[in-house]
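K.L.:
Let me give you the structure first, and then I'll get to my questions.
The values are calculated or read from the model by the stated rules, or taken from the named source; none is laboratory data. Computed from a predicted structure; not experimentally measured. All Cβ positions, even for glycine, are placed from backbone atoms using ideal geometry, and neighbour counts span all protein chains on display. With ligands, DNA and RNA removed, areas are computed over all heavy atoms of the protein, side chains included. Shrake-Rupley method; radii C 1.70, N 1.55, O 1.52, S 1.80 Å.
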Amino acid sequence: MGKRVLVTGIDTFWGGRMAHALEGSSEVDVVLGMGIREPTIALERTEFVRSDQTYSILARIVRATQVDTVVHTFLVTDSTRTTAKAVHEINVIGTMNLLAACGAAGSSVRHMVIKSSTLVYGASPYDPTWFREEDVRKEPPRTPVERSLIEVEDLIQDFAEDNPHTVVTVLRFANVLGPDIVTPLSSNLSRALVPSVAGFDPSVQFVEETDVVRCLEYFSAHEIPGLYNVAGKGRIPWSEVLAICGRRPLWLPPLGTRASANILSRLGLIIFPPEIEDLLHYGRGVDTSRLEASGFHTRYSTAGAVRSFIRALRLRQSLGGDDKPLYRYEADVETFFRHSPAVVRANEP
Amino acid sequence: MGQRRSPLDALTRPPLDALTRPPLDALTRPPLDALTRPPQDALTRPPQDALAGTPTPAPRDSGSTERYHGLMTPNRHVAGLAEHRSSLVPLRPPGPDAAEDRSDERLSDVDEWGRSEHMRELVRRYGDPMYRYWFRVEWQGLEKIPLAGGALLVSNHAAAIPSDAPVIMHGIEKELGRPVYGLADYFFRQVPAIGTLWSRLGGVTAHPDNALRLLRDQGQLALVFPEGAKGPSKSVRERYRLRRFGRGGFVEIAMRAGVPVVPLAVVGAEESMPVLFQIPALARALGVPYWPVTINQLVLGPVLGTVIHFPAKFRIRVLDPIYFDVPPGHERYSKSRVMDEAETIRQLIQETLYEMLRDRRSVWFG
């Protein structure tokens with residue numbers, strides 16, 4: 001019997017991607033997507049439930065569908081998308097309800113994959129060059145997103161202790177760049193002038209978006225427990241990221257960075273959520289040796305992820321229309337190719 | 001790599017890919033179920049199932065043929081999709097470009113620690129006259145520094161702006177052709193420009209993880225000053241008297257990494273920028289570890305005196321490498337053993353310094 005997978009946050013970028021990837025796997029019998037809005041991706045066989053993350057609904061969904069794997073992708077890591085209060089509500093309360101539902105008596109859930117972020121480490125001058133999974137940050141979290149993610153990981157830790165028979169996988173992803181994902185950093189890098197803090201040239205690390213989906217897929221297929229950092233190989237200076245993208249720096253003063261950034265973002269010149277303030281001072285690197293030992297290898301290095309992002313952006317700009325996606329999922333055409341009796345298929349039995 | 005993928009290629013690739021996907025799978029799979037069914041249906045169905053207590057999954061293959069025919073009547077889903085289309089996230093299944101992904105072309109030579117060989121080369125070129133003609137550095141026993149493999153260089157530390165670190169790093173790179181990473185206080189990273197420059201020149205935050213990775217995993221030379229800020233901040237009256245060697249962390253790291261400690265004794269740095277006294281209040285107000293008033297500032301004025309070292313003659317003696325007879329890789333070692341070793345190394349450097357000072361005839365000419 002194949003797997004029955006519940007993807008939370010099907011309406012988010014990652015939820016949709018993940019459901020799409022799971023649909024292609026022959027190991028997976030049922031893909032169930034849950035979200036507060038409709039998915040933004042054309043999905044073929046995913047069952048979609050529109051629901052928020054209240055406990056009673058979650059518990060009923062989990063019980064009724066007998067899912068054995070839960071892929072938790074709805075954690076918010078970008079504070080420009082929502083308010084601080086909503087971040088807490090979605091990340092902490094939503095996860096708490098989900099964990100409660102999955103840990104209920106008689107629950108069929110055997111495996112949980114949680115998409116977390118390296119934001120839990122923060123960025124400070126006291127950091128090691130490479131954070132290992134067991135390292136604890138020296139400075140308390142300063143932004144709502146970081147605080148909520150740390151709280152979420154604590155909840156997951158408790159859940160894993162209370163449910164020793166459930167395989168729990170927590171994946172901490174570095175900052176993502178790629179052809180399609182929109183983050184504060186990618187929006188900044190799409191402009192001619194990119195915010196940089198004068199006197200600082202931090203080394204940053206990225207992971208490419210297809211690697212993120214591949215990683216989530218790998219860990220949900222193989223049921224490997226544990227906590228893993230996921231990032232592309234190497235750290236590169238922020239100035240080099242700008243050079244790869246062909247951008248000029250927009251210098252922010254080293255003192256009063258926040259205040260001047262606020263003015264510039266009010267003017268619409270930059271996007272500067274609090275999470276990237278420390279990052280642009282001190283950078284962040286995570287050690288991925290544990291990930292590699294698990295058998296998963298990222299395809300893109302950090303520099304490769306930046307190149308993948310900028311090449312897609314250049315193509316998009318050359319074709320005109322900044323925001324139009326490169327390839328649209330032409331669902332009716334796809335349907336025709338896949339299912340029309342008129343199409344001749346090679347391996348027809 | 002860029003030339004392999006033309007825009008056209010990217011546009012045509014995804015549909016082709018969709019075609020080559022396992023066709024059997026696509027046939028047996030309930031196709032486009034989620035799309036053709038109105039969302040309300042999906043919303044109401046599972047709870048009903050739950051109430052009826054039928055958790056068993058619906059058989060996968062049932063009625064797949066009717067579904068095809070149903071789908072072939074176009075109007076059912078095409079209309080519904082039209083509104084969605086603008087919001088669709090584009091999908092590009094991983095294509096045949098997997099090979100090019102592995103390339104790690106770089107535009108700069110800044111390594112993972114922030115060190116740039118190019119910047120080092122510049123400093124080596126323009127700093128060499130300073131090394132050769134200003135400080136006139138002389139090494140004794142340079143051959144004791146291993147030419148390959150990790151080793152932890154441990155030295156005494158002096159001068160308000162420590163001149164010993166750049167001199168040691170420059171000398172070893174020049175003479176042995178090996179890069180040296182200088183382990184320094186967290187404080188440096190917070191200083192704009194200086195912090196970045198220091199890291200480009202081989203400075204690394206003195207974090208145990210960093211030291212371990214450099215020494216054990218990468219087999220590099222790392223330079224550490226166990227006195228920390230207590231060395232350079234001491235006053236001229238206490239010159240050449242070593243401060244406490246931290247908590248012996250450097251010994252523990254060397255034990256864990258399984259590398260030798262190579263002690264260095266540096267004579268000359270103390271007189272290159274001697275500290276007269278400290279202004280602790282100013283240091284606290286500025287958030288720096290110490291704020292000294294130096295003899296250089298008295299002699300050369302407040303501006304030049306802050307940045308220019310006196311041309312004291314440098315002598316650096318390399319002592320025999322110390323190998324610890326313990327198995328590497330342990331998380332912790334006997335604290336007393338660690339402290340003993342640290343104290344022994346401190347004594348060794350201290351005695352060597354006295355020995356070198358006995359032979360020194362002049363501060364400026366050696």
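K.L.:
Looking at the structure I just gave you, is B:MET339 assigned by TED's automatic domain parsing to the domain that holds B:TYR133, within 30 Å of the chain's Cα centre (by Cα) and open to solvent by less than 80 Å² (accessible area, probe 1.4 Å)?
P.N.:
no
K.L.:
Can you name the residue in the range B:197-211 that is in contact (Cβ under 8 Å) with a residue 24 or more places away in the chain and buried (at least 19 other Cβ atoms within 10 Å of the Cβ) and is also nearest to B:VAL110 (Cα to Cα) among such residues?
P.N.:
Once the filter is applied, the top-ranked residue is B:ARG200.
K.L.:
Could you say which residue among A:TYR55, A:TYR121 is of a type in the set (Ser, Thr, Tyr) and buried (at least 23 other Cβ atoms within 10 Å of the Cβ)?
P.N.:
A:TYR121
K.L.:
If I filter the range B:103-151 down to residues being within 14 Å of chain A (Cβ to nearest Cβ) and of a type in the set (Gly, Ala, Ser), which single residue comes out as nearest to the chain's Cα centre (by Cα)?
P.N.:
Per the stated criteria, the residue is B:GLY114.
K.L.:
With the range A:18-127 as the region, which helices (runs of 4 or more DSSP H) entirely inside it contain at least 1 residues that are more than 15 Å from A:VAL152 (Cβ to Cβ), of a type in the set (Phe, Trp, Tyr) and touching a residue at least 12 places away in the same chain (Cβ under 8 Å)?
P.N.:
Correct list: A:55-65.
K.L.:
Right, B:ALA193: under 20 Å from A:ASP127 (Cβ atoms) and in contact with a strand residue (DSSP E or B) (Cβ under 8 Å, 6 or more places away or on another chain) or not?
P.N.:
Spelling it out, it is not the case that B:ALA193 is under 20 Å from A:ASP127 (Cβ atoms) and in contact with a strand residue (DSSP E or B) (Cβ under 8 Å, 6 or more places away or on another chain).
K.L.:
Starting from residues that are outside any loop (DSSP other than H, G, I, E, B) and polar (S, T, N, Q), keep the ones in the range A:267-303 and report whichever is surrounded by the fewest Cβ atoms within 10 Å (Cβ to Cβ).
P.N.:
Only one residue tops the list, namely A:SER289.
K.L.:
Could you list, in sequence order, the residues of the range A:191-237 that are in a helix (DSSP H, G or I) and open to solvent by 10 Å² or more (accessible area, probe 1.4 Å)?
P.N.:
Result: A:THR210, A:VAL213, A:ARG214, A:GLU217, A:TYR218, A:ALA221, A:HIS222.
K.L.:
If I filter the range B:128-144 for residues that are assigned to a loop (DSSP other than H, G, I, E, B) and in contact with a Leu (Cβ under 8 Å, 6 or more places away or on another chain), do I get at least one hit?
P.N.:
Scanning the range B:128-144, I find at least one residue that is assigned to a loop (DSSP other than H, G, I, E, B) and in contact with a Leu (Cβ under 8 Å, 6 or more places away or on another chain), so the answer is yes.
K.L.:
Let me ask something additional. Against the condition assigned to a helix (DSSP H, G or I), in contact (Cβ under 8 Å) with a residue 40 or more places away in the chain and out of contact with any Gly (no Cβ under 8 Å at 6 or more places or on another chain), how does B:ARG124 come out, does it pass?
P.N.:
Judged against the criteria, B:ARG124 is a match.
K.L.:
Sort through A:VAL344, A:VAL306 and tell me the only one that's modelled with pLDDT of 90 or more and either open to solvent by less than 40 Å² (accessible area, probe 1.4 Å) or more than 7 Å from chain B (Cβ to nearest Cβ) (or both).
P.N.:
A:VAL306
K.L.:
Can you tell me which of A:VAL182, A:VAL230, A:VAL241 is among the hydrophobic types (A, V, I, L, M, F, W, C), closer than 29 Å to A:THR8 by Cα and in contact with a strand residue (DSSP E or B) (Cβ under 9 Å, 6 or more places away or on another chain)?
P.N.:
Answer to the selection: A:VAL230.
K.L.:
Still on this structure, please answer the following. Checking B:TYR333 against (1) of a type in the set (Ser, Thr, Tyr); (2) in contact with a helix residue (DSSP H, G or I) (Cβ under 9 Å, 6 or more places away or on another chain); (3) closer than 22 Å to B:ARG237 by Cβ, which single condition isn't satisfied?
P.N.:
Against the list (1) of a type in the set (Ser, Thr, Tyr); (2) in contact with a helix residue (DSSP H, G or I) (Cβ under 9 Å, 6 or more places away or on another chain); (3) closer than 22 Å to B:ARG237 by Cβ, B:TYR333 comes up short only on (3).
K.L.:
Continuing with this model, one more query. If you check B:GLN218, B:GLN278, which single one turns out to be of a type in the set (S, T, N, Q) and either farther than 20 Å from B:LEU147 by Cα or touching a His at 6+ places or on another chain (Cβ under 8 Å) (or both)?
P.N.:
B:GLN278
K.L.:
Residue check: is A:VAL194 over 20 Å from the mean Cα position of the chain (by Cα) and more than 9 Å from chain B (Cβ to nearest Cβ)?
P.N.:
yes
K.L.:
Turning to a different aspect of this structure: Might you check whether a residue that is outside any helix (DSSP H, G or I) and within 26 Å of B:HIS330 (Cβ to Cβ) occurs anywhere in the range B:157-180?
P.N.:
There is no residue in the range B:157-180 that is outside any helix (DSSP H, G or I) and within 26 Å of B:HIS330 (Cβ to Cβ).
K.L.:
For the range A:177-190, name all the residues that are of a type in the set (A, V, I, L, M, F, W, C) and either assigned to a loop (DSSP other than H, G, I, E, B) or within 14 Å of another protein chain (Cβ to nearest Cβ) (or both).
P.N.:
If the condition is that a residue be of a type in the set (A, V, I, L, M, F, W, C) and either assigned to a loop (DSSP other than H, G, I, E, B) or within 14 Å of another protein chain (Cβ to nearest Cβ) (or both), then A:LEU177, A:ILE181, A:VAL182 are the ones that fit.
K.L.:
Do you know which residues across the range B:158-185 are of a type in the set (A, V, I, L, M, F, W, C) and under 19 Å from B:LEU142 (Cα atoms)?
P.N.:
Across the range B:158-185, the qualifying residues are B:ALA165, B:VAL167, B:ILE168, B:MET169, B:ILE172, B:LEU176, B:VAL180.
K.L.:
Checking the conditions here, which among B:GLN220, B:GLN140 is touching a helix residue (DSSP H, G or I) at 6+ places or on another chain (Cβ under 9 Å), touching a residue at least 12 places away in the same chain (Cβ under 8 Å), open to solvent by 30 Å² or more (accessible area, probe 1.4 Å) and within 21 Å of B:GLY248 (Cα to Cα)?
P.N.:
Among B:GLN220, B:GLN140, only B:GLN220 is touching a helix residue (DSSP H, G or I) at 6+ places or on another chain (Cβ under 9 Å), touching a residue at least 12 places away in the same chain (Cβ under 8 Å), open to solvent by 30 Å² or more (accessible area, probe 1.4 Å) and within 21 Å of B:GLY248 (Cα to Cα).
K.L.:
Looking only at the range A:269-303, filter to residues that are more than 13 Å from chain B (Cβ to nearest Cβ) and among the aliphatic types (A, V, I, L, M); which one of those is farthest from A:ALA192 (Cα to Cα)?
P.N.:
Only one residue fits best here, namely A:ALA293.
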